[in-house]
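Novice: I have a structure here, written as structure tokens, and I will follow up with some questions on it.
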Number of protein chains: 2
Amino acid sequence: MGVVRKTKSVDLLLDQFKSGSEAISVIELVDRLSSKLNKTTIYRVLNNLEDDGVLHSFLGVNSLKWYAKCSGCSKTKHSDIHPHFQCTVCGKVDCLPVKMTIPEIPTHDVKSIQVLINGACTNCRA
Amino acid sequence: MGVVRKTKSVDLLLDQFKSGSEAISVIELVDRLSSKLNKTTIYRVLNNLEDDGVLHSFLGVNSLKWYAKCSGCSKTKHSDIHPHFQCTVCGKVDCLPVKMTIPEIPTHDVKSIQVLINGACTNCRA
DNA sequence: TTTGTTATTGCAACTGAGTTCTAATAAATT
DNA sequence: AATTTATTAGAACTCAGTTGCAATAACAAA
Ligand SMILES: [Mn+2]
Ligand SMILES: [Mn+2]
Ligand SMILES: [Zn+2]
Ligand SMILES: [Zn+2]
């Protein structure tokens, strides 16, 4: 339903995504903010910010939910489509600024595509 | 650890994958077999069959775990890499026999890639 | 066939990410 | 300042998946 009122909760969560373009898991956000925000509030505000095109979410390994900043999205149009990279060494998740070619599938109507890549990130590779 | 003994449980689960090449969620398998097998047993046997290269697993929408037959895999080598297609209309999941081009990412060491495509399947598209 | 070994199973309890419900609170409007 | 209602905290809940352990059954050896 989107964010309507500028509350302390919205500000606190937006702060977490201010610096850097790294994705953050909800578990991590709950851990960071548990003394200031209720778990339920965190889930709801993140959901609202996604509706507004401010953040986008995706599932990492272990089916954990992750959020990252959108770039160029709005309440009416989510256009920031890209693969996500989860490092198997340090666990960090990056949004990859890479053009994905959606494969031609004559037998199916493709609407969306989610790509999760695993491997070693810039810091962790030998 | 793989399957060691040919038990009733192994046979029952393999039967579910005998005909057709459609993926089946664990939830569906538990539902189908709950009168004959314990939930825990189902999870364990599926895991063993995956170790043996007989089945492969992946996560669909809602983070549910799905299994499908492998083709050309063995206990030592899982080589059956392909995208999965989940129909948003009927919910069915297909293994797509499509070559995926892993994008070049000079900043990361890519080990594996998981692709989940959403849309309408052959039966459900207008 | 009988016996012994141990892989496998069933069951109950547990885990934990995410959701739901409701009363209290606080942003925003009048 | 009073009113409206979006938002929040908290507790309880959901449910896919896991764990621990005692009972069972495959399978090989005798
Ligand atoms: Mn992203
Ligand atoms: Mn498959
Ligand atoms: Zn790393
Ligand atoms: Zn369909």
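Novice: Between chains A and B there is a rotation axis; tell me the chain A residue with the nearest beta carbon and how many whole Å away it sits.
Specialist: A:Ser63, 2
Novice: Further question: For A:Val61, place a label point 7 Å from Cα along the Cα-to-Cβ direction in every copy; what are the distances to the other copies, in nm, shortest first?
Specialist: Label point to label point, same position, other copies: 2.6 nm.
Novice: Still on this structure, please answer the following. In nm, one decimal, shortest first: how far is the label point of B:Leu96 (7 Å from Cα along Cα to beta carbon) from the matching points in the other copies?
Specialist: 1.6
Novice: May I ask you to report, in nm to one decimal and beginning with the shortest, the distances from A:Ile81 to the same position in the other copies, taking label points 7 Å along Cα-to-Cβ?
Specialist: Copy-to-copy label distances at A:Ile81, shortest first: 2.2 nm.
Novice: Sticking with this structure for a sec: Can you list the lysines whose alpha carbon sits under 25 Å from that of A:Lys6, skipping same-chain ones fewer than 8 residues off?
Specialist: Reachable lysines: A:Lys18, A:Lys36, A:Lys39, A:Lys65, A:Lys69, A:Lys75, A:Lys77.
Novice: Let me ask something additional. Give the dimensionless ratio obtained when the Cα radius of gyration of the protein assembly as shown is divided by 2.2 N^0.38 Å.
Specialist: For the protein assembly as shown, the normalised Cα radius of gyration is 1.12.
Novice: Given the peptides B:82-88, A:48-54, A:25-31, A:2-8, arrange them by the average over their residues of other C-beta atoms within 10 Å, most packed first.
Specialist: B:82-88, A:48-54, A:25-31, A:2-8
Novice: Using a probe radius of 1.4 Å on heavy atoms only, what accessible surface per residue do you get for the protein assembly as shown? Whole Å² is fine.
Specialist: Ligands and nucleic acids excluded, the result is 58 Å² per residue.
Novice: Ignoring ligands, DNA and RNA, what percent of the accessible area of chain B is carbon or sulfur (1.4 Å)?
Specialist: Roughly 51 percent, rounded to a whole number.
Novice: B plus A alone minus the pair: what accessible area, both sides summed, probe 1.4 Å, in Å² to 100?
Specialist: About 2500 Å² of accessible surface is lost on pairing.
Novice: Along the positive direction of the dipole of region A:8-125 (beta-carbon charges: Lys, Arg +1; Asp, Glu -1; about the Cα centre), which of A:Ser9, A:His84, A:Leu96 reaches farthest?
Specialist: Projecting each Cα onto the dipole axis, the largest value belongs to A:Ser9.
Novice: Summing -39500 (n - 2.57) over the DSSP H runs of n ≥ 4 in the protein assembly as shown and dividing by its residue number, what mean residue ellipticity at 222 nm do you reach, to the nearest 500 deg cm²/dmol?
Specialist: It comes out at -7000 deg cm²/dmol, rounded to the nearest 500.
Novice: Between region B:58-126 and region A:18-53, what's the alpha-carbon centroid distance in Å?
Specialist: 29 Å
Novice: Now for a separate question. I'd like to know which of B:Phe58, B:Ile42, B:Gln114 lies farthest towards the positive end of the charge dipole of region B:8-126, counting +1 on Cβ of Lys and Arg and -1 on Cβ of Asp and Glu.
Specialist: B:Ile42
Novice: Can you tell me the Rg and Dmax of region B:8-125, counting just the alpha carbons, in angstroms?
Specialist: 15.3, 52
Novice: Quick one: which residues, 5+ away or cross-chain, put their amide H under 5 Å from the amide H of B:Leu37? H built at 1.01 Å from N.
Specialist: Those qualifying (amide H under 5 Å, at least 5 residues apart or on another chain) number zero.
Novice: Treat every Asp and Glu Cβ in region B:32-126 as -1 and every Lys and Arg Cβ as +1, leave all other atoms uncharged, and give the resulting dipole magnitude about the Cα centre to the nearest 20 debye.
Specialist: 440 debye
Novice: For A:Leu55, which sequence-distant residues (separation of 5 or more, or a different chain) have an amide H within less than 5 Å of its own amide H, given hydrogens modelled in the peptide plane?
Specialist: So A:Leu55 has HN proximity to A:Glu50, A:Cys70.
The values are calculated or read from the model by the stated rules, or taken from the named source; none is laboratory data. Because the structure is predicted, anything quoted here is derived from the model rather than measured. FYI the Cβ positions are ideal-geometry reconstructions off the backbone, even for glycines, and counts take in every protein chain you see. Ligands, DNA and RNA are excluded from the accessible area calculation, which covers all protein heavy atoms including side chains. Shrake-Rupley method; radii C 1.70, N 1.55, O 1.52, S 1.80 Å.
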